[in-house]
1. Can you work out the base-10 log of I(q)/I(0) for the range 98-238 at q = 0.09, 0.12, 0.17, 0.18 1/Å, using the Debye formula on its C-alpha atoms alone?
2. ASN92 versus ASP124, label points 7 Å from Cα toward the beta carbon: distance in nm?
3. How many nm separate the modelled label positions at THR113 and LYS227, each set 7 Å beyond the Cα in the direction of the Cβ?
4. Can you list the lysines whose alpha carbon is less than 26 Å from that of LYS192, not counting same-chain residues fewer than 8 positions off?
5. Which lysines, if any, have their Cα less than 30 Å from the Cα of LYS94, not counting same-chain residues under 8 positions apart?
6. Subtract the Cα-Cα distance of ALA155 and SER8 from 0.36 nm times their separation in residues, and report this length gain in nm to one decimal.
7. For TRP106 and ASP248 in the same chain, what is the full-extension length gain: residue separation times 0.36 nm, less their Cα-Cα distance, in nm?
8. Give me the extension gain from GLN141 to TYR169: residue separation times 0.36 nm, minus the current Cα-Cα distance, reported in nm with one decimal.
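We did not get these values from a lab; they are worked out from the coordinates using the rules stated. As the structure is a computational prediction, the values presented were derived from the model and not from experiment. Cβ sites come from the backbone with ideal geometry, for glycine too, and all protein chains shown count toward neighbours.
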Amino acid sequence: MDNEIATSLANTVSAESQIGKWNVVQLDSENTEGSDVMLYSDPICNSAGCTQYAHPEPPKGPPMDYPVPSFGKDPDMTGTMNSLEIAEKMNNHKLIMGTPESKAKWHIVAKDTLYDYHPSLDKDVISTNKHIAEAEDRLGQTMVQIGDDPICSSAGCTQYEHPKKKDGYPMNYPVPNFGVDQEMKDQEASLKQTEEKLNHKFVPKESADPNPMNYKVPNFGVDQDIKDATENISNAEEALGPWNPTQDKNGVWLVPQAFSASSYSYDPGHVDHFV
């Protein structure tokens, strides 16, 4: 049984124990006297409902749909159309606007390609933003400083510097010298005894390099690419003048570059013919 039904029955029993037994009577349309059961509508409401309780209609706003008198075309429009007609006769040209042909003729081609206002970020920028966010989360502060910190001097915010860390282990301490290690002494003694026993002095030598070195290389003369480059430089110098490359302080040769204006010839008497 539903909890609400059980509660209603318990309340009914409690009420009957106080005010007497409640005998529910099956009512009809002619036997409603003394009953709390309402079989008819409230007489203060009409057949459309209790409209007296409805919210009042809000006040109407400004007037709408009122008739407006027509005084014909505006004088500015009349003067503009008159000026357009005179201009068409003077230039022997009919101004056509708004048609598919005119729209196609005067179409703005730049609008065909929409500018990307939200281009994807470079991978380096994405990585940098990610690292900044992780550092801010770890340090608990924003790394972008918009204004000056008033508590800092012109030398900077030295009060925020990390304290100097102590060395995790001792350094530069004195080490006592106890002489040659015993194993070294034993090895030298064993070596001396072996040399005396074999009557041979042990002199270690470096092993020979298995790879051939310092061998003779035949000379076939100047490479053909070098010959071609030298000839091309000579031809260019005859046409444009001598070329004297220079070196920087590190010994790197400075050669003309495409982005340098000095790499081009602006001699008005010189004309290049490309075939």
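1. Debye output, listed in q order: -0.98, -0.92, -1.30, -1.33.
2. Taking the simple label geometry, ASN92 and ASP124 are separated by 6.3 nm.
3. Distance between label points: 4.9 nm.
4. LYS201, LYS205
5. Within reach: LYS73, LYS103, LYS105, LYS111.
6. Stretched fully, the ALA155-SER8 segment lengthens by 44.6 nm.
7. This chain segment gains 45.4 nm when fully extended.
8. Numbers: separation 28, 0.36 × 28 = 10.08 nm, distance 3.22 nm.
Stretched fully, the GLN141-TYR169 segment lengthens by 6.9 nm.
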